[in-house]
1. Among residues belonging to segment 13-70 that are of a type in the set (Val, Ile, Thr) and crowded, with 17+ Cβ neighbours inside 10 Å, point out the one that is nearest to VAL108 (Cα to Cα).
2. Examine segment 127-146 for a residue that is assigned to a loop (DSSP other than H, G, I, E, B), in contact with a helix residue (DSSP H, G or I) (Cβ under 8 Å, 6 or more places away or on another chain) and among the charged types (D, E, K, R), and state whether such a residue exists.
3. Show me the helices (runs of 4 or more DSSP H) found entirely inside segment 193-252 where at least 1 residues are surrounded by fewer than 18 Cβ atoms within 10 Å (Cβ to Cβ) and either touching a helix residue (DSSP H, G or I) at 6+ places or on another chain (Cβ under 8 Å) or of a type in the set (Val, Ile, Thr) (or both).
4. Find all pairs meeting these conditions: Cβ atoms under 8 angstrom apart; at least six residues apart or on different chains; first residue within segment 1-24 and farther than 23 Å from GLY137 by Cβ; second residue among the aromatic types (Phe, Trp, Tyr).
5. Suppose we keep only residues that are aliphatic (A, V, I, L, M) and assigned to a loop (DSSP other than H, G, I, E, B) within segment 25-48. Which one would you say is farthest from MET143 (Cα to Cα)?
6. Looking at segment 190-208, which of the residues that are of a type outside the set (A, V, I, L, M, F, W, C) and modelled with pLDDT of 95 or more is nearest to LEU170 (Cα to Cα)?
7. So, in segment 100-126, of the ones that are of a type in the set (A, V, I, L, M, F, W, C) and assigned to a helix (DSSP H, G or I), which residue ends up nearest to ILE55 (Cα to Cα)?
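The values are calculated or read from the model by the stated rules, or taken from the named source; none is laboratory data. Small disclaimer: the values here were computed from a predicted structure and weren't measured. Every residue, glycine among them, receives a Cβ derived from its backbone with ideal geometry; neighbour counts consider all protein chains shown.
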Amino acid sequence: MIGYLRKAARLFHPESKRTIILPLDHGLSEGNIPGLEDLGSLLRGLQHLPLQGVILHKGMVMATAGEIRLDQSLIVHLSAGTRHGLPSYNKALVCSVPEALRLGADMVSMHINIGNDLEDRMLSDLGACVEEAHQLGLPLLAMIYARGGQIVNENDPTLVAHSIRIGAELGADVIKVPSCGSHPSFARAVATCPVPVVISGGPRNGDFRHFLRNVREALDSGVSGVCIGRNIFQQENPAKALEEVCALVHGK
């Protein structure tokens with residue numbers, strides 16, 4: 001227990017007590033998308049910034065692990081699905097916790113979608129992976145979205161609040177959900193969650209100032225940081241975009 005708690009604590013900046021995580025797992029689901037053609041160059045260009053964690057699939061860990069600083073958490077992603085799948089919201093396990101540990105993971109992550117016909121299997125996967133990760137001394141980050149089935153709006157504050165509760169009930173150490181800004185139910189769910197909650201960045205926002213305002217609202221609602229991908233690596237200058245996010249999250 002002590003081991004995974006110490007690893008989870010290291011994900012958070014010692015002064016701000018918040019975290020910035022860069023997910024780079026999109027290539028498996030989306031293909032060769034802009035911004036991720038050369039992961040090594042991308043990571044080297046961000047080396048000087050206070051980034052706490054990087055999320056990668058196992059193959060890219062083997063290709064780029066040398067570009068991740070020793071003071072950054074290497075988070076190996078366990079689940080995947082492609083946009084071509086039927087249904088596209090399905091997420092299946094593609095890496096085991098022991099394999100992630102052999103790759104040098106400081107943490108593991110997985111994505112599940114609720115509110116659809118595959119919810120039971122994805123919930124079962126999450127529960128089993130939390131148990132195995134903790135047995136091996138690794139914390140787990142759960143990305144939980146209401147997606148598929150009859151879900152109309154995955155950013156619905158009630159659904160996001162329920163997603164947060166699911167992560168807490170199943171023992172995740174950090175929970176990633178879409179942001180609901182300053183909505184009272186979102187703030188209540190974050191405040192009553194026993195583990196840190198971080199927000200996703202969502203699709204690339206053409207108005208970066210507006211995106212930063214959304215991040216500020218979420219931080220004011222009590223979240224412990226951000227897990228942002230496309231709104232960093234798909235910007236014209238990813239380092240400058242991340243620098244502005246760091247200033248917002250860490251207050252420097």
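1. This residue is ILE55.
2. So far as segment 127-146 goes, no, none of its residues is assigned to a loop (DSSP other than H, G, I, E, B), in contact with a helix residue (DSSP H, G or I) (Cβ under 8 Å, 6 or more places away or on another chain) and among the charged types (D, E, K, R).
3. Per the criteria, 208-220, 238-250.
4. ARG18/PHE12; LEU22/PHE233; LEU24/PHE233
5. Looking at residues that are aliphatic (A, V, I, L, M) and assigned to a loop (DSSP other than H, G, I, E, B), I get LEU46.
6. So the residue we want is PRO194.
7. Step by step, filter segment 100-126, then rank; the result is ALA100.
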